[in-house]
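J.: After the structure tokens below, expect a handful of questions from me.
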Amino acid sequence: MSAKLKLGILISGRGSNLQSLIDAALDSDFPAEIVTVISNVPDAGGLKRAQQTNIPTTVINHKDFDGREPFQDALHDALTSAGVELICLAGFMRLLTDSFVNRWLDKLINIHPSILPSFKGLHTHERAIKAGVRFSGCTVHFVRPEMDDGPIIVQAAVPIHQEDTPDALAGRVLIEEHKIYPLAVKLIAEGRVSVENGAVKIKNAVNPDSAIINPS
Ligand code: GAR
């Protein structure tokens, strides 16, 4: 069997998306393995999830550094020395500047709780409900220097209900996040994903035929 793609996961919080990747990687057929989990928040809940599965963890607290560049240099060094080949941002709530993003270009992916390019930034569910759109969802994309920008790998669409609350919608979107993040990693690890003219192409992609209409 060929070597598994080495993942470094960056977190800031509870780590439910990290958990979905941990669970996927427990399957011996999954083509990627998590070699390190790094948090910028010392008491992030996700650290315990990694420790429970004996994945090495490191805290690199941005508050210990004099600015973004030295913080990012420390991240880069930790990721490099762990042998990371693909970085997965999983609820990592620090903006990364051009220097870091360009060093890891097309080796750095993020999950965001909206159908990008709509609703970049924070409070996505509240804003989607307020805007009256009929669908929200989630996106896994390659990271570019602009926030929540970059070639899209996988998206899931989630219908918004008439009486939805941001929390209820967030819960339904999160269920899909936990499916699409492992899927995106699998596609990359299988060597099926390329970026051509700023957009992702997937070898042998299977696309659904039918549309979802809301309200039905
Ligand atoms: C997830 O919903 C993720 O999509 C979002 O933060 C949450 C982290 O949850 N990320 C962003 O908003 C990044 N722009 P988790 O810690 O349970 O994975």
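J.: Can you pull out every residue in segment 25-59 that is part of a loop (DSSP other than H, G, I, E, B), among the aliphatic types (A, V, I, L, M) and closer than 15 Å to LEU183 by Cα? Before you say what the answer is, go through the steps one by one.
T.: Quick first cut of segment 25-59, residues part of a loop (DSSP other than H, G, I, E, B) only: 26-31, 40-44, 53-56.
Keeping just the survivors that are among the aliphatic types (A, V, I, L, M) gives 26, 41, 44, 55.
LEU26, the sole residue that qualifies.
Every residue, every condition in (1) open to solvent by 30 Å² or more (accessible area, probe 1.4 Å); (2) within 20 Å of the chain's Cα centre (by Cα); (3) among the aromatic types (Phe, Trp, Tyr), yes or no:
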position: SER39; (1), (2), (3): no, yes, no
position: ILE60; (1), (2), (3): no, yes, no
position: PHE65; (1), (2), (3): yes, no, yes
position: ARG68; (1), (2), (3): yes, no, no
position: GLN72; (1), (2), (3): no, yes, no
position: SER81; (1), (2), (3): yes, no, no
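J.: Right, something else. Pairs please, first residue from segment 100-125 and at positive phi, second anywhere and in a strand (DSSP E or B), Cβ atoms under 6 Å, 6+ apart in sequence or on different chains.
T.: ASP106/PHE142; ASP106/VAL195
J.: Would you pick out the residues in segment 168-204 that are open to solvent by 40 Å² or more (accessible area, probe 1.4 Å) and either of a type in the set (A, V, I, L, M) or touching a residue at least 24 places away in the same chain (Cβ under 8 Å) (or both)? Working first, answer last.
T.: The initial filter retains those residues of segment 168-204 that are open to solvent by 40 Å² or more (accessible area, probe 1.4 Å), namely 168, 172, 175-176, 178-179, 183, 186, 190-192, 194-199, 201-204.
Residues satisfying the conditions are ALA168, ILE175, GLU176, HIS178, LYS179, LEU183, LYS186, GLU190, VAL195, GLY198, ALA199, ILE202.
J.: Condition check: more than 25 Å from ALA168 (Cβ to Cβ) and within 11 Å of the ligand (Cβ to nearest atom). Does VAL101 satisfy that? Step through it out loud before you land on a result.
T.: On the way: more than 25 Å from ALA168 (Cβ to Cβ): yes; within 11 Å of the ligand (Cβ to nearest atom): no.
So VAL101 fails the test.
J.: Pairs only if they're at least six apart or on different chains, beta carbon under 6 angstrom, first in segment 37-48 and within 12 Å of the ligand (Cβ to nearest atom), second open to solvent by 40 Å² or more (accessible area, probe 1.4 Å) and in a strand (DSSP E or B); list them, first residue then second.
T.: VAL37/THR57; SER39/VAL59; LEU47/THR57
The values are calculated or read from the model by the stated rules, or taken from the named source; none is laboratory data. All values derive from a computational prediction rather than experimental measurement. In this analysis, Cβ positions are derived from the backbone assuming ideal geometry, glycine residues included, and neighbour counts consider all displayed protein chains. Keep in mind that these areas ignore ligands, DNA and RNA; they rest on the heavy atoms of the full protein, side chains included. Shrake-Rupley method; radii C 1.70, N 1.55, O 1.52, S 1.80 Å.
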